[in-house]
Amino acid sequence: MSVSYVDSEHSSNNPLELLVEIVGANDWPHERTGLNELAVEINGRWCNYRLFFLWQEEMGALHFSCVFETRVDIQSYSGVHHLLALINEKLWLGHFDLSSEDGTPMFRHTLLLRGAGPASVEQLEDLVDVSVSESDRYYPAFQFVIWGGKTATEALNAALIDVAGEA
């Protein structure tokens, strides 16, 4: 997946203004749930993802979540938490988490912008690109633990097998 957008003049420091333009340019369904909140739906390789952006002006921080379209049953929590630890130690940016409210796995990251000026198109494109590519990369590992009965280590090893060629 590759996010694309041609920059236009924008004067707001609220990165959601620019995100709305990027989302519109990519024809993604979205809802502006408030001045500082944006929800977006996109298709991933394995499932649909729900992207949530929350702008915290006082901190100059854009909080971001990429939520999977799956739920972890209570019996799989231990295995999924072990998997989260294994995955997170491999990541350079962001982390995976599990919602304590409804058991949905997600990729999360906060982009700090205080003192850096407004967010750039490239920063926002990278935020979405990295989250979706990492979510697509590790989604099978979650499924192997939740539905396949694999251990976290087995699931991670199986999900990260590099396939040679195409069928």
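The values are calculated or read from the model by the stated rules, or taken from the named source; none is laboratory data. Note that the structure is predicted; figures quoted are calculated from it, not measured. Cβ placement follows ideal geometry from the backbone for every residue including glycine, while neighbour counts extend to all protein chains displayed.
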Subject >> Only one of SER99, SER131, SER120 that is surrounded by 12 or more Cβ atoms within 10 Å (Cβ to Cβ) and under 11 Å from the mean Cα position of the chain (by Cα) >> reply: SER131
Original post:
Can you name the condition, by its number, that GLU58 falls short on among (1) more than 14 Å from the chain's Cα centre (by Cα); (2) more than 28 Å from ASP27 (Cβ to Cβ); (3) surrounded by 15 or more Cβ atoms within 10 Å (Cβ to Cβ)?
Top reply: (3)
Original post:
Which of (1) modelled with pLDDT of 95 or more; (2) touching a Cys at 6+ places or on another chain (Cβ under 6 Å); (3) of a type outside the set (A, V, I, L, M) does HIS82 not meet, given it meets every other one?
Top reply: (2)
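Restrict the check to region 80-87 and report whether at least one residue is exposed (fewer than 13 other Cβ atoms within 10 Å of the Cβ) and part of a helix (DSSP H, G or I).
Taking every residue of region 80-87 in turn, at least one turns out to be exposed (fewer than 13 other Cβ atoms within 10 Å of the Cβ) and part of a helix (DSSP H, G or I).
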**OP:** Please state which of the following conditions SER65 fails to meet, knowing it meets all the rest: (1) in contact with a His (Cβ under 8 Å, 6 or more places away or on another chain); (2) polar (S, T, N, Q); (3) modelled with pLDDT of 95 or more.
**Re:** (1)
Subject >> Residue satisfying all of: in region 15-43; over 15 Å from LEU127 (Cβ atoms) and assigned to a loop (DSSP other than H, G, I, E, B); modelled with the highest pLDDT among these >> reply: ASN36
**OP:** Would you mind finding the one in VAL145, VAL80, VAL121 that is hydrophobic (A, V, I, L, M, F, W, C) and within 18 Å of ILE42 (Cβ to Cβ)?
**Re:** VAL121
Original post:
Before we move on, is ALA39 out of contact with any Asp or Glu (no Cβ under 6 Å at 6 or more places or on another chain) and aliphatic (A, V, I, L, M)?
Top reply: no
Original post:
So, of the residues in region 70-79 that are out of contact with any strand residue (DSSP E or B) (no Cβ under 9 Å at 6 or more places or on another chain) and part of a helix (DSSP H, G or I), which turns out to be nearest to ASP102 (Cα to Cα)?
Top reply: ILE74
Subject >> Residue list for region 56-86, restricted to those being aliphatic (A, V, I, L, M) and over 15 Å from PRO15 (Cβ atoms) >> reply: VAL67, VAL72, ILE74, VAL80, LEU83, LEU84, ALA85, LEU86
